[in-house]
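**Q** Before I ask anything, here is the structure I am working with.
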Amino acid sequence: VRALLRQLLPATKLPPGEGVVLVLNNLGGTSPLEMSVLCDAAFRQLQDLGVEVAGCVQGTLVTCLDMHGVSLSLIPLADAPGQLLELLAAPAQVGSAWPGLLIPPEDSEAVVQNDLVPSPAAGTETGAAVAQTRAVISAACQMLISDSTVKALDEMDFECGDADCGGTHRDAAEALLATLEAVPGEPADALRFLAHHLEHQCRGAIGGIYVLGLEAAAKRVGSAPTLLDWAEALDAAGKAIQEYGGAQQGDRTILDAVLPAAEALRSCAKSPNALAEAVKAAKQGAKKTQQMVAKKGRAVHVPPSRQARSPDPGAVGFAKWLEAVERALRD
């Protein structure tokens with residue numbers, strides 16, 4: 001990336017502080033993970049050089065068969081910044097290869113931390129709060145290790161992935177159940193505890209997604225969070241996944257269940273049925289992914305006709321454990 005920018009920036013003759021749109025093009029054989037790493041590197045290096053990145057387009061646009069590489073372009077915004085950004089962000093035709101415009105957050109701050117409070121000290125806590133926290137986590141894990149859930153998620157993943165989504169969720173849930181007695185009672189500490197263990201126990205992309213979401217959510221809850229606080233935490237989790245994963249609502253990912261659930265929880269926060277409404281929204285969002293064309297994840301390599309056979313398993317998995325949490329709290 002540094003070598004590309006060294007050649008590109010002198011030719012563009014950008015004045016300091018000039019806004020640009022970064023275009024990172026996959027030449028055909030570069031993995032989504034590599035593309036995300038390269039995009040992050042380009043974004044940060046441009047910032048260090050005083051170039052304001054107003055937006056980013058990342059995708060497979062012009063290829064050289066299956067060449068393993070990328071091309072990097074900068075679109076200056078000097079003449080008509082607002083109009084150009086609006087046009088680049090405009091919705092494209094369904095089925096189009098256009099990946100859309102990603103707008104960087106104003107404050108890009110990493111959410112993953114390694115300063116987790118050691119679990120043995122937290123495990124000495126007692127009282128109703130810690131009992132409820134552990135009961136809720138146990139309910140979510142029991143849902144994910146059930147044979148019906150594992151089979152359903154694996155079958156969905158068979159259509160558009162590698163048929164291991166159910167097994168991945170089951171293995172992670174079993175690992176969490178094994179550490180249940182060490183889960184802290186404080187909500188923020190409990191979320192960080194879960195993130196820490198999932199980072200090591202949950203394989204695949206879904207593990208990283210949950211770690212990002214849990215760490216972001218932990219920053220939004222205090223010692224006695226209200227439903228509105230939990231709504232903000234869930235929304236923060238979704239935004240962290242958006243920022244670091246590059247997906248948006250409508251891309252056929254877990255976000256299509258997370259973000260509607262957060263919105264429903266926020267709008268119904270004063271209702272006794274708030275969490276039930278959030279579960280309903282998550283289920284509906286997950287179901288809608290069956291009619292969506294994937295723009296992120298392995299499903300992008302699968303024909304839309306095959307994608308339409310089942311919803312996104314990650315979104316369904318989220319809705320399932322959220323339903324288990326709601327049932328545990330209600331009971």
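**Q** Across the stretch 284-300, what is the number of residues that are more than 17 Å from G245 (Cβ to Cβ) and not hydrophobic (A, V, I, L, M, F, W, C)?
**A** Residues flagged as more than 17 Å from G245 (Cβ to Cβ) and not hydrophobic (A, V, I, L, M, F, W, C) within the stretch 284-300 amount to 5.
Each row is one residue, and each column tells you yes or no for (1) closer than 21 Å to A163 by Cα; (2) touching a His at 6+ places or on another chain (Cβ under 6 Å); (3) of a type outside the set (S, T, N, Q).
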position	(1), (2), (3)
N273	no, no, no
A278	no, no, yes
Q284	no, no, no
T289	yes, no, no
K296	yes, no, yes
V302	yes, no, yes
D312	yes, no, yes
G317	yes, yes, yes
L322	no, no, yes
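**Q** Still on this structure, I have one more. Given the criterion among the hydrophobic types (A, V, I, L, M, F, W, C), more than 26 Å from the chain's Cα centre (by Cα) and assigned to a loop (DSSP other than H, G, I, E, B), identify the matching residue among L5, L14. Steps first, answer last, please.
**A** On the way: L5 fails: assigned to a loop (DSSP other than H, G, I, E, B).
L14 is the lone residue from the list that is among the hydrophobic types (A, V, I, L, M, F, W, C), more than 26 Å from the chain's Cα centre (by Cα) and assigned to a loop (DSSP other than H, G, I, E, B).
**Q** If you scan the stretch 305-319, which residues turn out to be within 15 Å of E155 (Cα to Cα) and either crowded, with 24+ Cβ neighbours inside 10 Å or under 17 Å from the mean Cα position of the chain (by Cα) (or both)?
**A** P311, D312, P313, G314, A315, V316, G317
**Q** Where residues in the stretch 10-49 are in contact with a helix residue (DSSP H, G or I) (Cβ under 7 Å, 6 or more places away or on another chain) and of a type in the set (S, T, N, Q), which of them is surrounded by the fewest Cβ atoms within 10 Å (Cβ to Cβ)?
**A** Only one residue fits best here, namely Q45.
**Q** So which of V302, V293, V279 ends up being of a type outside the set (D, E), under 18 Å from A140 (Cβ atoms) and either in contact (Cβ under 8 Å) with a residue 40 or more places away in the chain or crowded, with 24+ Cβ neighbours inside 10 Å (or both)?
**A** Matching residue, one of V302, V293, V279: V279.
Results for (1) within 20 Å of V293 (Cβ to Cβ); (2) at pLDDT below 85, shown as yes or no for each residue.
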position	(1), (2)
Q7	no, yes
T30	no, no
L33	no, yes
C39	no, no
Q45	no, no
T60	yes, no
V94	yes, yes
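**Q** Test P311 against the criterion of being out of contact with any Asp or Glu (no Cβ under 6 Å at 6 or more places or on another chain), in the same structural domain as T168 (by TED's automatic domain parsing) and without any contact (Cβ under 8 Å) to a residue 60 or more places away in the chain, and give yes or no.
**A** Values: out of contact with any Asp or Glu (no Cβ under 6 Å at 6 or more places or on another chain): yes; in the same structural domain as T168 (by TED's automatic domain parsing): yes; without any contact (Cβ under 8 Å) to a residue 60 or more places away in the chain: no.
No; evaluated as a whole, the condition is false for this residue.
**Q** Say whether the condition of being closer than 25 Å to P311 by Cα, over 20 Å from the mean Cα position of the chain (by Cα), outside any helix (DSSP H, G or I) and at pLDDT 95 or above is met by at least one residue in the stretch 152-172.
**A** Within the stretch 152-172 (the criterion being closer than 25 Å to P311 by Cα, over 20 Å from the mean Cα position of the chain (by Cα), outside any helix (DSSP H, G or I) and at pLDDT 95 or above), the answer is no, since none of the residues qualifies.
The values are calculated or read from the model by the stated rules, or taken from the named source; none is laboratory data. Source: prediction; values computed, not measured. Ideal geometry is used to build each Cβ from the backbone, glycine not excepted, and the neighbour counts take in all protein chains shown.
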